[in-house]
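Trainee: There's a structure below that I have some questions on.
The values are calculated or read from the model by the stated rules, or taken from the named source; none is laboratory data. Small disclaimer: the values here were computed from a predicted structure and weren't measured. Ideal geometry is used to build each Cβ from the backbone, glycine not excepted, and the neighbour counts take in all protein chains shown. Remember, those area values only see protein heavy atoms, side chains included, never the ligands or the DNA or RNA. Shrake-Rupley method; radii C 1.70, N 1.55, O 1.52, S 1.80 Å.
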Amino acid sequence: MFDWFKLRTLVGPFFLLSVVLASAAESGTLRGTVTDPLGAIIVSASVELLDGASIVATTTTDAAGNYLFPLQKAARYQVRAVAPTFQSTTSQAVFVGAAGKAEVNMTLATQTLTQQVTVTATGTPTPEAQVGAPVSVLTANQYRYSTEVQDPLRLIPGVQLTQSGQVGGTTSLFIRGGNDNANKVLIDGVPADDIGGRVEFANIDSVGIDKVEVLREPNSALYGSDALAGVVSLTTARGSTLLPLLTYSGDGGNFDSFRQVGTLSGAFRQFDYYSAFARTDTQNSYPNSAFHNATYAGNFGWAPNTTNDLRFTVRHLTVAANQPNAILLYGIPDDAGVKEQDSYYSAAWNNQTTGKWHNQIRYGGLRLNYNYTDYAATGIYDPDEDVYLGAPVNIQGANGYSASGQAIFQYGASYGETYPNDYLAPSKRDFVYAQTDYRVNAHIVALGAFKYEDERGSTLTSGGTPTAIERGNYSYTIQLAGDIWNRLYYTVGSGLEDNGLFGFAATPRASLAYYLFRPKNAGWLSGTKLNFSFGKGIKEPSIYYQSISLYDIFAALPNGPALIKQYGVSPIGPETSRTYDGGVDQQLWNGRARISLTYFHNEFTNGVEFVPQSALLELGLPAASDPAVQYGAAVNSQAFRAQGAEVATEYKIGSNLFARGGYTYLDAVVQRSFSSESQPSQCAVNPSACTYNPNFPNIPIGAFSPLVGARPFRRAPHSGYFGLTYNRSRWYGSFTGTLVGRRDDSDYLTDAEFGNTLLLPNRNLDGAYQRLELGGGYQVTHSLTAYTDMQNLLSEHYSEAFGYPALPFTVRAGVKISLGGESWRLK
């Protein structure tokens with residue numbers, strides 16, 4: 001086990017020494033450098049020193065782009081800078097004592113298109129313009145009336161989300177065709193993924209989330225295991241107003257939907273604080289589909305001096321969600337539900353040892369407590385087979401195929417099922433992360449990092465016996481980033497992963513950005529950027545898959561060694577990926593518009609897949625010997641390719657009107673799979689090795705997983721989005737849309753005779769849909785804002801996952817009350 005006391009013993013004195021040394025400064029000054037998005041200095045920029053809302057001093061940058069303010073008193077200061085053809089930019093507040101010294105560097109964006117600063121792509125704050133990796137950054141103003149984080153994620157190229165049902169239904173994120181458990185999700189630097197598993201985006205409320213970053217490529221070099229397809233980073237808001245700001249909003253809508261949000265934030269001298277609580281309740285539109293979410297978010301900071309910063313963040317959620325299952329396939333809602341209590345917390349110390357040398361130490365923790373309960377057997381009981389059937393249904397796929405009948409809904413006592421039936425899957429993670437980055441010169445930054453994490457968790461095996469697993473993982477990172485002549489920008493590095501389960505693996509990564517023409521605000525073609533990136537990713541298997549390893553099942557059999565050799569089965573191990581992409585980013589029409597085109601190619605290999613009972617029996621396992629034969633096993637055997645192209649556009653139509661949109665083409669195909677039912681090449685030779693619906697005798701069907709040569713499930717070849725926002729004076733409006741084409745899927749059904757007459761062909765089973773949303777607000781008074789949000793404007797009947805109907809037209813309306821804050825000081 002990791003010695004946390006020894007860590008405190010080592011870190012504590014070093015931190016206190018740095019505070020004392022930094023506090024020994026003799027005179028108070030605030031200085032910095034003003035640059036453009038590419039890092040070039042801006043001469044003669046106008047710079048203002050702000051104390052709250054008051055301007056206390058002004059100056060201009062010199063020939064080196066530098067500015068300097070002598071300080072007369074201790075206070076929380078901000079810097080505002082502006083220059084011709086650039087937007088006015090205001091820094092975060094920094095507390096500087098009367099004898100303190102602070103450095104605040106400013107990056108100004110062009111007047112038309114905002115370039116956000118990203119940390120996810122490089123590990124250090126870097127303007128998007130200097131990044132060659134495919135990263136998107138969204139701020140809170142771009143999703144101000146959304147209740148869930150998944151809503152803004154739908155408006156990013158290369159990203160698809162699939163929700164199984166309505167509010168609270170299981171929600172999966174796919175980045176560039178990767179699996180839904182192939183993404184590293186961070187909340188204030190804390191990994192939110194279950195151990196080797198996925199993240200339930202249906203439970204992540206938008207409250208307190210100030211910024212969303214999405215990196216659409218592997219980055220195990222920086223983030224270790226699970227960053228197989230991409231990284232999603234969520235950052236909690238900070239308090240900034242000298243006068244405490246208290247807000248409350250409440251709204252209601254159809255389907256008995258209610259939401260309340262309260263926040264308290266502010267800053268006092270070296271301290272800043274932010275605290276928020278949100279509660280959402282809805283009944284949804286189908287029986288037994290109620291959802292409740294209560295989320296608390298906090299962010300508390302202390303800067304004892306200008307070179308040290310301590311920050312504590314916490315997020316806790318309590319969820320209760322009924323689970324009606326695929327009601328369109330069974331005709332009866334399931335009597336089941338999920339209860340979950342999750343906590344994410346971290347404490348981070350940042351130290352700017354010198355002007356060039358920065359250090360960070362972070363401790364973080366994750367506590368996931370998942371409890372699924374099937375309260376009672378549901379359906380029409382068949383005593384002859386001891387199963388419960390769904391109601392008679394007629395199911396219709398978007399591919400034109402249909403079937404009618406009753407599906408087996410649940411199994412009785414003779415199959416080992418008892419009710420109520422609880423499935424518990426608690427997991428814990430604690431980690432310590434240390435990073436040092438040093439600016440060698442004006443063009444090179446070197447970064448090194450170390451991370452240790454202790455993972456503990458348990459799950460129920462098929463036989464009902466809890467299985468506890470603990471892993472100790474070590475990660476190391478080395479990286480160089482910089483530029484050449486403010487035109488070529490590069491990042492190159494590698495991660496070295498030493499995982500407690502699968503051992504050592506290296507994950508190199510590199511990205512380049514090159515400007516053929518530097519951005520400018522004049523000319524029809526006003527800036528051309530070429531991008532290229534390459535990376536390898538790695539992901540550890542989940543606790544559940546480790547507990548049902550096919551290798552372990554084989555090894556326990558008398559003829560196990562022969563079966564292991566015959567089928568080439570190895571111990572459960574890591575999933576891997578390799579990706580490269582390249583494209584062009586072009587500014588147009590005097591800098592008012594931007595269009596980007598990117599080609600990507602991903603190879604996902606050694607994927608863990610579930611092998612069903614039928615396949616295990618064909619492999620030689622005796623029918624009644626092991627519980628795994630009844631429920632299946634897991635093995636590293638799947639490989640698939642996902643390549644395609646992304647197009648993203650932005651256009652500033654006017655000073656108050658902004659439009660953006662995107663389109664993604666995805667060509668994904670399964671190249672290898674272990675399950676015998678997934679080998680269509682065997683079907684002509686041995687039809688019994690494949691699954692067919694007798695009503696469609698010439699079409700092999702992947703009942704549990706996609707066929708080799710077919711597309712992975714629930715990933716559309718064609719998808720897109722658009723957004724139009726209006727912001728003027730007291731008015732705000734937003735009109736957005738998500739457009740998704742047909743997708744492959746399975747209905748996973750077994751008919752009342754244990755046959756396949758209800759299975760539909762996989763190809764294009766899920767229908768296309770268009771999800772349109774309209775929202776807006778009006779500031780009635782200084783303290784009161786009225787707002788509304790409408791989803792599925794066309795009230796379209798569609799399912800993102802086959803058999804799980806989405807909500808029809810929904811509407812929410814409410815008010816927000818704000819008390820205090822900087823605006824009150826101006827009254």
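Trainee: Against the conditions (1) open to solvent by less than 50 Å² (accessible area, probe 1.4 Å); (2) at pLDDT 90 or above, where does L38 fall short? Just the number, please.
Mentor: (2)
Trainee: Sticking with this one: Just to be sure, is N254 surrounded by fewer than 20 Cβ atoms within 10 Å (Cβ to Cβ) and touching a residue at least 60 places away in the same chain (Cβ under 8 Å)?
Mentor: Against the criterion (surrounded by fewer than 20 Cβ atoms within 10 Å (Cβ to Cβ) and touching a residue at least 60 places away in the same chain (Cβ under 8 Å)), N254 qualifies.
Trainee: Right, next: Enumerate the pairs (first residue in segment 188-202 and closer than 11 Å to D342 by Cβ; second residue anywhere and part of a helix (DSSP H, G or I)) with beta-carbon separation below 9 Å, excluding pairs fewer than 6 apart on the same chain, so at least 6 apart or on different chains.
Mentor: D194/I543
Trainee: Of all residues in segment 482-493, which are of a type in the set (S, T, N, Q) and either assigned to a strand (DSSP E or B) or under 18 Å from K536 (Cα atoms) (or both)?
Mentor: T491
Trainee: Would you mind stating whether R238 is open to solvent by 10 Å² or more (accessible area, probe 1.4 Å) and either without any contact (Cβ under 8 Å) to a residue 60 or more places away in the chain or polar (S, T, N, Q) (or both)?
Mentor: So R238 does not fit the description; no.
Trainee: Additional query: Does F95 count as open to solvent by less than 10 Å² (accessible area, probe 1.4 Å) and part of a strand (DSSP E or B)?
Mentor: Spelling it out, it is not the case that F95 is open to solvent by less than 10 Å² (accessible area, probe 1.4 Å) and part of a strand (DSSP E or B).
Trainee: Which of (1) more than 37 Å from the chain's Cα centre (by Cα); (2) open to solvent by 50 Å² or more (accessible area, probe 1.4 Å) is the odd one out, the single condition D386 does not satisfy?
Mentor: Of the numbered conditions (1) more than 37 Å from the chain's Cα centre (by Cα); (2) open to solvent by 50 Å² or more (accessible area, probe 1.4 Å), the odd one out for D386 is (2).
Trainee: Let me ask something else. Taking the condition touching an Asp or Glu at 6+ places or on another chain (Cβ under 8 Å), of a type in the set (G, A, S) and more than 18 Å from A348 (Cα to Cα), does A294 pass?
Mentor: Answer is no for this residue.
Trainee: Only residues in segment 67-87 that are over 12 Å from G100 (Cβ atoms) count as the first member; pair them with residues that are of a type in the set (S, T, Y) and open to solvent by 30 Å² or more (accessible area, probe 1.4 Å), Cβ under 6 angstrom, at least 6 apart or cross-chain, and list the lot.
Mentor: Listed by first residue and then by second, the contacts come to Y67/T59; Q78/T90; R80/T90; A81/T89; V82/S46; V82/S88.
Trainee: Which residue, of Y375, Y415, Y363, is of a type in the set (S, T, Y), at pLDDT 95 or above and open to solvent by 30 Å² or more (accessible area, probe 1.4 Å)?
Mentor: Answer to the selection: Y363.
Trainee: If I filter segment 152-194 down to residues being among the hydroxyl-bearing types (S, T, Y) and under 30 Å from N299 (Cα atoms), which single residue comes out as farthest from the chain's Cα centre (by Cα)?
Mentor: T170
Trainee: Now for a separate question. Quick test of your reading of the structure: L563 fulfils all but one of (1) open to solvent by less than 60 Å² (accessible area, probe 1.4 Å); (2) touching a strand residue (DSSP E or B) at 6+ places or on another chain (Cβ under 6 Å). Name the failing condition by number.
Mentor: Only one criterion is unmet by L563, namely (2).
Trainee: Of the conditions (1) surrounded by 19 or more Cβ atoms within 10 Å (Cβ to Cβ); (2) of a type in the set (S, T, Y); (3) not in a strand (DSSP E or B), T738 satisfies every one except a single condition; which number is it?
Mentor: Among (1) surrounded by 19 or more Cβ atoms within 10 Å (Cβ to Cβ); (2) of a type in the set (S, T, Y); (3) not in a strand (DSSP E or B), T738 violates only (3).
Trainee: Next question. Would you mind stating whether F610 is in contact with a Leu (Cβ under 9 Å, 6 or more places away or on another chain), among the aromatic types (F, W, Y) and buried (at least 16 other Cβ atoms within 10 Å of the Cβ)?
Mentor: no
Trainee: Among the residues of segment 311-348, write down those that are farther than 30 Å from Y381 by Cβ, surrounded by fewer than 18 Cβ atoms within 10 Å (Cβ to Cβ) and out of contact with any His (no Cβ under 7 Å at 6 or more places or on another chain).
Mentor: F312, H316, T318, Q341, A347
Trainee: Then there is this: Residues being out of contact with any helix residue (DSSP H, G or I) (no Cβ under 9 Å at 6 or more places or on another chain) and outside any loop (DSSP other than H, G, I, E, B): count how many of those fall in segment 216-232.
Mentor: 5
Trainee: Sticking with this structure for a sec: For segment 284-305, which residues satisfy the criterion of being surrounded by fewer than 18 Cβ atoms within 10 Å (Cβ to Cβ) and of a type in the set (S, T, N, Q)?
Mentor: Answer for segment 284-305, where residues must be surrounded by fewer than 18 Cβ atoms within 10 Å (Cβ to Cβ) and of a type in the set (S, T, N, Q): just S285.
Trainee: Here's another thing I want to ask about it. If you scan segment 77-92, which residues turn out to be within 19 Å of T307 (Cβ to Cβ) and open to solvent by less than 70 Å² (accessible area, probe 1.4 Å)?
Mentor: Selection gives Y77, Q78, V79, S91.
Trainee: Also, I was wondering about something else. Determine which single condition G457 fails, assuming it passes every other condition in (1) in contact with a Gly (Cβ under 7 Å, 6 or more places away or on another chain); (2) surrounded by 20 or more Cβ atoms within 10 Å (Cβ to Cβ); (3) not hydroxyl-bearing (S, T, Y).
Mentor: (1)
Trainee: Give the residue that is surrounded by the fewest Cβ atoms within 10 Å (Cβ to Cβ), with candidates limited to residues of segment 650-670 that are of a type in the set (S, T, N, Q) and at pLDDT below 95.
Mentor: Per the criteria, the residue is S655.
Trainee: Looking at (1) out of contact with any Asp or Glu (no Cβ under 6 Å at 6 or more places or on another chain); (2) within 29 Å of N792 (Cα to Cα), which is the only condition P218 fails?
Mentor: All conditions pass for P218, except number (2).
Trainee: Still on this structure, I have one more. Answer yes or no: is there a residue in segment 53-65 that is more than 30 Å from N590 (Cβ to Cβ), modelled with pLDDT under 90 and of a type outside the set (D, E).
Mentor: Yes, the conditions are met somewhere in segment 53-65.
Trainee: Another question about this same structure. Here's a check for you: in segment 46-76, which residue that is open to solvent by less than 30 Å² (accessible area, probe 1.4 Å) and not hydrophobic (A, V, I, L, M, F, W, C) is nearest to Q270 (Cα to Cα)?
Mentor: R76
Trainee: Does A513 fit the bill of being surrounded by fewer than 15 Cβ atoms within 10 Å (Cβ to Cβ), within 27 Å of I41 (Cβ to Cβ), aliphatic (A, V, I, L, M) and in contact (Cβ under 8 Å) with a residue 24 or more places away in the chain?
Mentor: The answer is no for A513.
Trainee: Scan segment 328-357 residue by residue and report those that are among the aromatic types (F, W, Y) and in a strand (DSSP E or B).
Mentor: Hits for segment 328-357 are Y344, Y345, W349, W357.
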